[in-house]
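Visitor: A single structure is presented below for examination.
The values are calculated or read from the model by the stated rules, or taken from the named source; none is laboratory data. Bear in mind that the values here come from a model prediction, so they are computed numbers and not experimental data. Cβ placement follows ideal geometry from the backbone for every residue including glycine, while neighbour counts extend to all protein chains displayed. Only protein heavy atoms, including side chains, enter the accessible area calculation; ligands, DNA and RNA are left aside. Shrake-Rupley method; radii C 1.70, N 1.55, O 1.52, S 1.80 Å.
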Amino acid sequence: MKGPVTEILGCEYPVIQGGMAWVAEHNLAAAVSEAGGFGIIGAASAPAEIVREEIRKCKEMTDKPFGVNIMLLNPNADEVADIVIEEGVRAVTTGAGNPSKYMSKWKAAGVKVIPVVASTAMAVMMERAGADAVVAEGMESGGHIGSTTTFALVPQVCDAVNIPVIAAGGIADGRGMAAAMMLGASAVQMGTRFVAAKESIVHANYKEKIIKSKDIDSTVTGMSTGHPVRCLRNKMTREYLKMEKEGVELMELEKLTLGSLKRAVIDGDVVSGTLMAGQIAGLIQSEESCKDIIQGIVRECRELLQMRAID
Ligand code: TUI
């Protein structure tokens, strides 16, 4: 299972954990890295010094490398960009924007840079700017999404760039991982599967919602406002979508979602909280340890790829 991405990241398996806001904290990142994958702390909108503490707590839990995801809409992004250098973090992934302005200092410090992209144009731009790899994230993903599916996006990004491509969106088992490899990806990134992991600090109510959900249980809010976010259907999404249809102003809509992800993750409010999750949530049947998740996926993927080699 070694390849260009395990080489860049210094991990055993080409399985990366998504940098999810509130969810991807030090316990989850350390558990994923300890299990041979690549754990990521999601800086999201946390104050920069909290991110530094998270990095230090993660280092106490594992000697293995891990990364930090910087959400570029975050006003603290500049500060977090320096902290990853100061703390000697192995790799940075970025989401929801263009990280070009940080590229030269990260590269100079030896931080590996892996932007998350939702289009071939962005992938090419990131390769030119010096990215070590890209995550091609399809619209099956949870949270903030682009508009192209993983199945269509991954092979097109693979053809457009020469750096390794990590597939994300709609992948939660060995079949998905094998399919992503067939499309040309060198690794996969999973989010939703790790939300439901044993080591994930996400409230039991949220995990239960993922485990009980079916294929069609996610929806996308904010399509009309230019900030599409995929989450599981609940009272919040029903109200949001109704107001969106009525053309209610963005400020009013924002009131509905302010603090709603934290309410879901920490307080377990599955009624008015935002339950970010991908379309693959329906595939997830139980809460498992990161070690079991990663070993299971890698074993299944390996078997499928070997079967193909024999034929
Ligand atoms: O970033 C994500 N997923 C996220 S961020 C997030 S935080 C949030 N919380 C509440 C409401 C809204 C967001 C939750 N989930 N995924 C990576 C990703 N990046 N998906 C799409 C993109 C992207 C979009 C535009 C990357 C680059 C891009 O380029 C824009 C440009 O500058 O050209």
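Visitor: Can you grab the distance from the C-alpha centre of the stretch 40-56 to the C-alpha centre of the stretch 57-102, Å, no decimals?
Guide: The stretch 40-56 and the stretch 57-102 have Cα centres spaced 8 Å from each other.
Visitor: Another question, if that's okay. Can you list the residues of the stretch 198-215 with backbone N under 18 Å from a point 7 Å past the Cα of R233, pointing along Cα to Cβ?
Guide: Zone members listed by number: 209-215.
Visitor: Treating the beta-carbon of each Lys and Arg as +1 and of each Asp and Glu as -1, no other charges, what is the dipole magnitude of the stretch 204-280 about its Cα centre, to the nearest 20 debye?
Guide: In total the dipole reaches around 300 debye.
Visitor: Of the DSSP beta bridges with both residues in the chain, give the percent that are antiparallel, rounding to the nearest 5.
Guide: On the way: 7 of 32 bridges.
Among the beta bridges of the chain, antiparallel pairing accounts for roughly 20 percent.
Visitor: Another question about this same structure. Determine the sum of side-chain charges near A167: Lys and Arg each +1, Asp and Glu each -1, restricted to other residues whose C-beta is under 11 angstrom from that of A167.
Guide: Details: positive: none; negative: E137, E140.
Charge balance in the 11 Å sphere: -2.
Visitor: Continuing with this model, one more query. Would you kindly find the accessible area of R233, with a 1.4 Å probe and non-protein molecules such as ligands, DNA and RNA excluded, rounding to the nearest 10 Å²?
Guide: So the heavy atoms of R233 present about 110 Å² to solvent.
Visitor: Pop the C-beta distance of I211 and V124 into the FRET formula with R0 = 41 Å and round what comes out to the nearest 0.05.
Guide: Working: r = 39 Å, r/R0 = 0.94.
The calculated FRET efficiency here is 0.60.
Visitor: Per residue, how large is the accessible surface of the stretch 9-201? Use a 1.4 angstrom probe and give square angstrom. Walk me through the numbers on the way to the answer.
Guide: Details: 6830 Å² over 193 residues.
Result: 35 Å² per residue.
Visitor: So, taking all protein chains as they sit and a 1.4 Å probe, how much accessible area belongs to F66, in Å² rounded to tens?
Guide: 20 Å²
Visitor: Counting only helical runs of four or more DSSP H residues, what would the 222 nm mean residue ellipticity of the chain come to if each run contributes -39,500 (n - 2.57) and the total is spread over all its residues?
Guide: Rounded to the nearest 500, it is -13000 deg cm²/dmol.
Visitor: Let me ask something else about it. Could you check how much of the accessible area of the chain is carbon and sulfur, as a whole percent, using a 1.4 Å probe?
Guide: 53 percent
Visitor: Excluding G176 itself, what net charge comes from residues whose Cβ is under 11 Å from its Cβ, given Lys and Arg +1 and Asp and Glu -1?
Guide: Cβ neighbours under 11 Å give a net charge of -1.
Visitor: How much accessible area does M251 have with a 1.4 Å probe, in Å² rounded to the nearest 10?
Guide: M251 has an accessible surface of roughly 140 Å² with all protein chains in place.
Visitor: Let me ask you something else. Of A35, A178, A109, which has the largest mean-square fluctuation in a 10 Å C-alpha GNM of the chain?
Guide: A109
Visitor: Let me ask something else. Mind checking which of T149, T93, T225 has the largest fluctuation in a GNM of the chain, springs on alpha carbons under 10 Å?
Guide: T225
Visitor: Quick check on packing: order 12-23, 97-108 by the mean number of other C-beta atoms within 10 Å, highest mean leading.
Guide: 12-23, 97-108
Visitor: Another question, then. How long is the gain from T225 to E53 if the chain were fully straight, where each residue apart is worth 0.36 nm and the alpha carbon distance is subtracted?
Guide: 58.5 nm
Visitor: Mind grabbing the base-10 log of I(q)/I(0) for the stretch 1-103 at q = 0.24 Å⁻¹? Debye formula, identical points on the C-alpha positions, no solvent, two decimal places.
Guide: -1.29
Visitor: Direction-averaged shadow area of the convex hull around the Cα atoms of the chain, nm²?
Guide: Averaged projected area of the chain's Cα convex hull equals 14.7 nm².
Visitor: Under 1.5 on a/c is rounded, so check that first for the stretch 192-311, then, if it is not, pick prolate when a/b is larger than b/c and oblate when it is not; a ≥ b ≥ c are the square roots of the alpha carbon gyration tensor eigenvalues.
Guide: Working: a/c = 3.17, a/b = 1.88, b/c = 1.68.
Prolate.
Visitor: Please compute the net charge surrounding D217, taking Lys and Arg as +1 and Asp and Glu as -1 over other residues with Cβ under 9 Å from its Cβ.
Guide: So the environment of D217 carries a net charge of +3.
Visitor: Modelling each spin label as a point 7 Å along the Cα-to-Cβ direction, I'd like the D292/K198 distance in nm, to one decimal.
Guide: In this crude label model, D292 to K198 measures out at 0.6 nm.
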